[in-house]
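**Q** Pasting in a structure now, in structure tokens, and then I'll have a few things to ask.
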């Protein structure tokens, strides 16, 4: 296997595991590079970073929040809104490690070819956002934060293993045996939130249909396969908000028909108008 | 027979409304299930929170479950044994198996009590204000004041406390960081022997911060002195009862007048002279 075939995959794993390690070290040895967890952290002991969706839920409960955490949420929102798009899901979120493993095993076991199809809508995540806010308002507790496998897995790494890992195992099995990319691609409301935040972000995957040989390897690996509707048809950027910028399609493409781009997106955007 | 095979025509309007009903129904189902779980997950009445935590209801709303308080607690410089090895922290982040709302900080004094650090490292790091620094800041000096901490209150089970048996033990009294203030020893005559004294530990709930050092120090198999959240451990006399001999106590009730106090029950619906003269009939 060529390095160019796993470049972004490796980079993503380094990013995901590296961040988990920094969080772990922040608790275990008091490293002040990155402390807290994915709900809210402190970078170098100074810069706050907070999960905008958690903040929304806390607002829904009617609580008043400190300035620190609001600044943190603003920083995160601006970062993904201007640059990263939905990159949180594939470059930061630890659950992605689990669901990618499930998707990989699914391909190896040919489960897609064998199993009976269970269809669920990819829009469930957006309904989940609304429901999470309603439930937060009803119950007076940030609703997704008490069931979120993202923070549960994150806290299990940082603060010690607990039985919350059962939920992570359940998500692995769900993705493996029930719905392909079931959690990240259909249900997770945090993914939905970052999709919306990243609507106008700059970092995009660009397709060159001249170079494409229609091998469809990209569609095999893409966790949000509907965003690749232009493959072999049009030379445009992937503008659908559900693209996580994981770069796996770029990795597997042997024809240089896919690449990350920033400027081309702006140009492309102007042309389409 | 013909009727059986007849195909039902589904108009686009019917499809539209059925789809709406379908989505609303599924949404309502999810909301109900989720709200049921969340409401249940909220209920952890016996939980001891970090110092300066808001009232439990507000705390649960505001806490973002980031763990910065727990990290500040475990990584404080003085949290090391003589060899320099790190000791476990007081604050733990609730796991799914703890009977505490998941991801929120709490402590178990019998395992690791709160040592009431002078700089209270767990509080200033809170990004949301769920740990409210003003609750432990003395308004006069504008400095952190460990005496203002309020995590709970220590309760003595006088039946299992061996000091109340007449055995000599003052472990909790000695362990208390507010020595001779939060816990006092009351001397009583031991009439069983006729020549010994009981040295009974008595907690002053107005001073006790609920740090749990007494619970940790207690020598009995299961601690005879233990910390409970204040609203669980303490009763409330209410406004009906005022210590007439204590001028300050009148302030607690304020300027309430007798005619403002309305207790409604079968008896109060009658004039006292009526029911006192006519015997008990409520």
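The values are calculated or read from the model by the stated rules, or taken from the named source; none is laboratory data. Everything numeric in this text was worked out from a predicted model, so none of it was measured. Neighbour counts are summed over all protein chains in view; Cβ atoms, including those assigned to glycine, are modelled from backbone coordinates with ideal geometry.
**Q** Which of the residues spanning segment A:41-85 are more than 7 Å from chain B (Cβ to nearest Cβ), part of a helix (DSSP H, G or I) and without any contact (Cβ under 8 Å) to a residue 40 or more places away in the chain?
**A** Once the filter is applied, which keeps residues that are more than 7 Å from chain B (Cβ to nearest Cβ), part of a helix (DSSP H, G or I) and without any contact (Cβ under 8 Å) to a residue 40 or more places away in the chain, segment A:41-85 yields A:55, A:59, A:67, A:70, A:71, A:73, A:74, A:75, A:76, A:78, A:79.
**Q** Another question, if that's okay. Looking for whichever is within 11 Å of another protein chain (Cβ to nearest Cβ) and over 25 Å from residue A:65 (Cβ atoms) here; the options are B:67, B:30, B:25. Which one fits?
**A** On the way: B:67 fails: over 25 Å from residue A:65 (Cβ atoms); B:25 fails: within 11 Å of another protein chain (Cβ to nearest Cβ).
Residue meeting the stated conditions: B:30.
**Q** Pull up segment A:121-143, narrow it to residues that are within 16 Å of the chain's Cα centre (by Cα) and either within 7 Å of chain B (Cβ to nearest Cβ) or touching a residue at least 24 places away in the same chain (Cβ under 8 Å) (or both), then point me to the one that is farthest from residue B:101 (Cα to Cα).
**A** So the first thing to find is which residues in segment A:121-143 are within 16 Å of the chain's Cα centre (by Cα), and the list is A:122-126, A:128-129.
Among the residues that remain, those that are also either within 7 Å of chain B (Cβ to nearest Cβ) or touching a residue at least 24 places away in the same chain (Cβ under 8 Å) (or both) are: A:122, A:124-126, A:128-129.
Details: A:122: 30, A:124: 26, A:125: 24, A:126: 26, A:128: 21, A:129: 21 Å.
By that ranking, first place goes to A:122.
**Q** From A:34, A:38, grab the single residue that is more than 7 Å from every other protein chain (Cβ to nearest Cβ) and crowded, with 24+ Cβ neighbours inside 10 Å.
**A** On the way: A:34 fails: crowded, with 24+ Cβ neighbours inside 10 Å.
Of A:34, A:38, the one residue that is more than 7 Å from every other protein chain (Cβ to nearest Cβ) and crowded, with 24+ Cβ neighbours inside 10 Å is A:38.
**Q** OK, next. Examine segment B:35-58 for a residue that is buried (at least 22 other Cβ atoms within 10 Å of the Cβ), within 13 Å of chain A (Cβ to nearest Cβ), without any contact (Cβ under 8 Å) to a residue 24 or more places away in the chain and closer than 30 Å to residue A:167 by Cα, and state whether such a residue exists.
**A** Within segment B:35-58, one or more residues are buried (at least 22 other Cβ atoms within 10 Å of the Cβ), within 13 Å of chain A (Cβ to nearest Cβ), without any contact (Cβ under 8 Å) to a residue 24 or more places away in the chain and closer than 30 Å to residue A:167 by Cα.
**Q** Just to be sure, is residue A:153 buried (at least 21 other Cβ atoms within 10 Å of the Cβ), free of Cβ contacts under 8 Å to residues at least 60 places away in the same chain and in a helix (DSSP H, G or I)?
**A** Working: buried (at least 21 other Cβ atoms within 10 Å of the Cβ): yes; free of Cβ contacts under 8 Å to residues at least 60 places away in the same chain: yes; in a helix (DSSP H, G or I): yes.
Yes: the conditions hold for residue A:153.
**Q** Looking only at segment B:70-97, how many residues end up being part of a loop (DSSP other than H, G, I, E, B), more than 8 Å from chain A (Cβ to nearest Cβ) and touching a strand residue (DSSP E or B) at 6+ places or on another chain (Cβ under 9 Å)?
**A** Here is the first cut: in segment B:70-97, the residues part of a loop (DSSP other than H, G, I, E, B) are B:75-79, B:81-85, B:87-91, B:94-97.
Keeping just the survivors that are more than 8 Å from chain A (Cβ to nearest Cβ) gives B:76-79, B:81-85, B:87-91, B:94.
Now restrict to residues that are touching a strand residue (DSSP E or B) at 6+ places or on another chain (Cβ under 9 Å): B:79, B:87, B:91, B:94.
Matching residues across segment B:70-97 total 4.
**Q** Mind telling me which of the residues A:136, A:195, A:209 ends up being more than 24 Å from residue A:35 (Cβ to Cβ) and assigned to a loop (DSSP other than H, G, I, E, B)?
**A** Residue meeting the stated conditions: A:209.
**Q** Do you know which residues across segment A:212-229 are part of a helix (DSSP H, G or I), within 17 Å of residue A:250 (Cβ to Cβ) and either out of contact with any strand residue (DSSP E or B) (no Cβ under 7 Å at 6 or more places or on another chain) or outside the structural domain of residue A:241 (by TED's automatic domain parsing) (or both)?
**A** If the condition is that a residue be part of a helix (DSSP H, G or I), within 17 Å of residue A:250 (Cβ to Cβ) and either out of contact with any strand residue (DSSP E or B) (no Cβ under 7 Å at 6 or more places or on another chain) or outside the structural domain of residue A:241 (by TED's automatic domain parsing) (or both), then A:217, A:219, A:220, A:221, A:225, A:227, A:228 are the ones that fit.
**Q** Suppose the filter is at positive phi, touching a residue at least 24 places away in the same chain (Cβ under 8 Å) and part of a loop (DSSP other than H, G, I, E, B); does residue B:194 pass it? Give the derivation first.
**A** Values: at positive phi: yes; touching a residue at least 24 places away in the same chain (Cβ under 8 Å): no; part of a loop (DSSP other than H, G, I, E, B): yes.
Against the criterion (at positive phi, touching a residue at least 24 places away in the same chain (Cβ under 8 Å) and part of a loop (DSSP other than H, G, I, E, B)), residue B:194 does not qualify.
**Q** Pick from segment A:1-27 the residues that are within 14 Å of another protein chain (Cβ to nearest Cβ) and touching a residue at least 60 places away in the same chain (Cβ under 8 Å): which of them is surrounded by the fewest Cβ atoms within 10 Å (Cβ to Cβ)? Write out each step before concluding.
**A** In the first step, residues of segment A:1-27 are kept if they are within 14 Å of another protein chain (Cβ to nearest Cβ); the result is A:20, A:22-27.
Those left that are additionally touching a residue at least 60 places away in the same chain (Cβ under 8 Å): A:20, A:23-24, A:26-27.
On the way: A:20: 20, A:23: 26, A:24: 16, A:26: 24, A:27: 24.
Taking the candidates together, the pick is A:24.
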